[in-house]
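One structure is given below, encoded as structure tokens.
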Amino acid sequence: MRTIALILAPTMVLAALAAAGAAETAAPSPTKMAVFPFELEDFSAGAAYVPPDDIDREQLRLSTEEARRLIAASGRYQLVDVSAVNNEAAKAGKLRDCAGCEAGIAAGLNADQSMVGIVTRSTRMEYAVTYRIRDARSGTIVAVEQTDLRMGANVAWSRGARWLIQNRLLEQAK
């Protein structure tokens with residue numbers, strides 16, 4: 001019996017050390033991110049005369065959906081549900097102008113980071129797609145990335161969002 005104990009004791013110690021080492025090298029838990037709906041910032045000459053329409057709203061929705069899909073599929077981020085947010089700036093689609101209030105909203109949702117996507121229309125054929133990520137606790141900007149679309153219609157907004165997420169956010173996080 002003593003021989004068995006002498007054999008099993010070192011084996012159990014080695015197994016415990018291996019388990020502890022595996023826990024240390026395990027992948028970190030995903031960052032909780034509150035991805036707010038993309039917003040339209042219209043600086044085109046027609047902005048005063050042609051307000052955002054259903055097509056613009058649909059393209060913003062599709063851009064948000066594409067960004068969320070890619071971010072969630074990466075496994076590095078866990079999306080936090082923002083659908084129940086009851087904030088005036090969020091309801092008005094003006095988080096881009098609220099001096100970082102989206103970080104506080106995200107913190108209230110127990111997120112680690114917030115993301116606001118912005119489509120800036122320069123003309124009816126030129127757009128820029130931008131995302132801004134903040135640390136939810138401090139409000140500090142973690143990342144801002146942008147891509148320009150020339151000679152494109154609003155149906156290209158989701159393509160711009162996809163390119164940014166794939167080639168900036170997810171590529172830099174590797």
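Numbers at a glance
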read-out: Residue within region 100-108 that is open to solvent by 60 Å² or more (accessible area, probe 1.4 Å) and at pLDDT 90 or above present; value: yes
read-out: Filter result for Ala67 (at pLDDT below 95 and in contact with a Gly (Cβ under 9 Å, 6 or more places away or on another chain)); value: no
read-out: Looking only at region 133-152, and only at residues there that are touching a Phe, Trp or Tyr at 6+ places or on another chain (Cβ under 9 Å) and not hydroxyl-bearing (Ser, Thr, Tyr), the one that is surrounded by the most Cβ atoms within 10 Å (Cβ to Cβ); value: Leu149
read-out: Contacts under 8 angstrom Cβ, first residue in region 154-174 being of a type in the set (Ser, Thr, Tyr), partner part of a helix (DSSP H, G or I), 6 or more apart; value: Ser158/Gln59; Ser158/Leu62; Ser158/Ser63; Ser158/Glu65; Ser158/Glu66
read-out: Flag for Ala72 being surrounded by fewer than 16 Cβ atoms within 10 Å (Cβ to Cβ), at pLDDT 95 or above, in a helix (DSSP H, G or I) and not aromatic (Phe, Trp, Tyr); value: yes
read-out: Residue match in region 146-168 (condition: more than 22 Å from Ser74 (Cα to Cα) and among the hydroxyl-bearing types (Ser, Thr, Tyr)); value: no
read-out: Region 87-99, residues that are crowded, with 17+ Cβ neighbours inside 10 Å and part of a loop (DSSP other than H, G, I, E, B); value: Asn87, Gly93, Cys98
read-out: Filter pass, Ile165 being among the β-branched types (Val, Ile, Thr), in a helix (DSSP H, G or I), open to solvent by less than 40 Å² (accessible area, probe 1.4 Å) and modelled with pLDDT of 95 or more; value: yes
read-out: Any hit, region 19-27, residues being at pLDDT 90 or above and of a type outside the set (A, V, I, L, M); value: no
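Here is a yes/no grid of residues against (1) assigned to a helix (DSSP H, G or I); (2) among the hydroxyl-bearing types (Ser, Thr, Tyr); (3) open to solvent by less than 40 Å² (accessible area, probe 1.4 Å):
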| residue | (1), (2), (3) |
| --- | --- |
| Ala27 | no, no, no |
| Lys32 | no, no, no |
| Tyr49 | no, yes, no |
| Arg57 | yes, no, no |
| Thr64 | yes, yes, yes |
| Asp81 | no, no, no |
| Val85 | no, no, yes |
| Arg121 | no, no, yes |
| Tyr131 | no, yes, yes |
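The values are calculated or read from the model by the stated rules, or taken from the named source; none is laboratory data. Treat the numbers as computed from the prediction; the structure is a model and nothing was measured. FYI the Cβ positions are ideal-geometry reconstructions off the backbone, even for glycines, and counts take in every protein chain you see. Ligands, DNA and RNA are excluded from the accessible area calculation, which covers all protein heavy atoms including side chains. Shrake-Rupley method; radii C 1.70, N 1.55, O 1.52, S 1.80 Å.
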